[in-house]
1. Look through ASP50, ASP29 and report the one residue that is modelled with pLDDT of 95 or more, acidic (Asp, Glu) and more than 18 Å from ASP1 (Cβ to Cβ).
2. Can you name the residue in the range 1-47 that is among the aromatic types (Phe, Trp, Tyr) and open to solvent by less than 50 Å² (accessible area, probe 1.4 Å) and, of all such residues, is nearest to ARG64 (Cα to Cα)?
3. Identify all residues within the range 48-79 that are within 14 Å of THR20 (Cβ to Cβ) and open to solvent by 70 Å² or more (accessible area, probe 1.4 Å); write none if there are none.
4. Can you find, within the range 25-79, the residue that is nearest to GLU10 (Cα to Cα) among those that are outside any helix (DSSP H, G or I) and of a type in the set (Val, Ile, Thr)?
Amino acid sequence: DDAALSAAFEAHKAGQTKFTRRMAINIGDHFGMTPKQVVLRLEQMKLLKDGAWSWFRQNGGITRAHVAEARADRLGGGA
């Protein structure tokens with residue numbers, strides 16, 4: 001639900017100045033959403049600026065490689 005998504009966003013963003021691909025991936029994994037769905041929903045909720053997804057797309061997107069790396073790191077299998 002939106003309250004849980006908002007809480008996850010705030011927890012990931014605490015002490016950070018930017019919302020990162022890795023944050024979108026980790027939150028998405030937790031809620032069964034794609035990173036794109038996470039970013040677009042956070043835009044709709046006004047937790048991210050409008051155009052955040054467009055920014056990611058224009059700056060390399062969130063690729064399968066990004067997702068694999070974030071998951072490997074989270075599970076302790078990263079390089």
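1. ASP50
2. Residues of the range 1-47 among the aromatic types (Phe, Trp, Tyr): 9, 19, 31.
Now restrict to residues that are open to solvent by less than 50 Å² (accessible area, probe 1.4 Å): 9, 19.
Values: PHE9: 22, PHE19: 18 Å.
Checked the range 1-47; the qualifying residue nearest to ARG64 (Cα to Cα) is PHE19.
3. Hits for the range 48-79 are TRP55, ASN59, GLU69, ARG74.
4. Looking at residues that are outside any helix (DSSP H, G or I) and of a type in the set (Val, Ile, Thr), I get THR34.
The values are calculated or read from the model by the stated rules, or taken from the named source; none is laboratory data. For clarity, every value in this text was computed on a predicted model and none was experimentally measured. Cβ coordinates were reconstructed from backbone atoms using ideal geometry, including for glycine residues, and neighbour counts include every protein chain displayed. Ligands, DNA and RNA are excluded from the accessible area calculation, which covers all protein heavy atoms including side chains. Shrake-Rupley method; radii C 1.70, N 1.55, O 1.52, S 1.80 Å.
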